[in-house]
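Before any comments, here is the structure.
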């Protein structure tokens, strides 16, 4: 990772929060996503919505998602192995906005290509959404944004 990107990422707050990670998948891929199943991911852009409530908050979680080599732990790690990160939006609001942001993306007509992806701990259909073109998004609570 170039030094300028690393510097920007390490400047993310070490606070709990909600984030949306924009990824680009340059070619279609069929992926086995742990026990969730096998899914066909079309070429394009993906927005994954998550929350970071653990030690260090947003900074270590987003840095982990940005790194290429890592142990597979979450659903997003399977897609991240073949897709590159482009941008992250985040909010340090004390209320978890993960499901609200997922609902907003679904209401905008974003495609859901992997049922229950990233949503094993809630009732949302998924927390991963597909766009054929780069999406122009606005999240609630005017979150911060970092583009790379």
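Would you kindly identify the helices (runs of 4 or more DSSP H) lying entirely within the range 29-135 that contain at least 3 residues that are touching a helix residue (DSSP H, G or I) at 6+ places or on another chain (Cβ under 8 Å) and surrounded by fewer than 22 Cβ atoms within 10 Å (Cβ to Cβ)?
Helices (runs of 4 or more DSSP H) meeting the threshold: 58-66.
Residue 18 fails exactly one of the following numbered conditions: (1) under 22 Å from residue 106 (Cβ atoms); (2) modelled with pLDDT of 95 or more; (3) buried (at least 16 other Cβ atoms within 10 Å of the Cβ). What is the number of that condition?
It fails just one condition, (2).
The values are calculated or read from the model by the stated rules, or taken from the named source; none is laboratory data. Predicted, not measured: the structure shown is a model, and the values here were computed from it. Note that each Cβ is placed from the backbone with ideal geometry, even for glycine, and that neighbours are counted across all protein chains shown.
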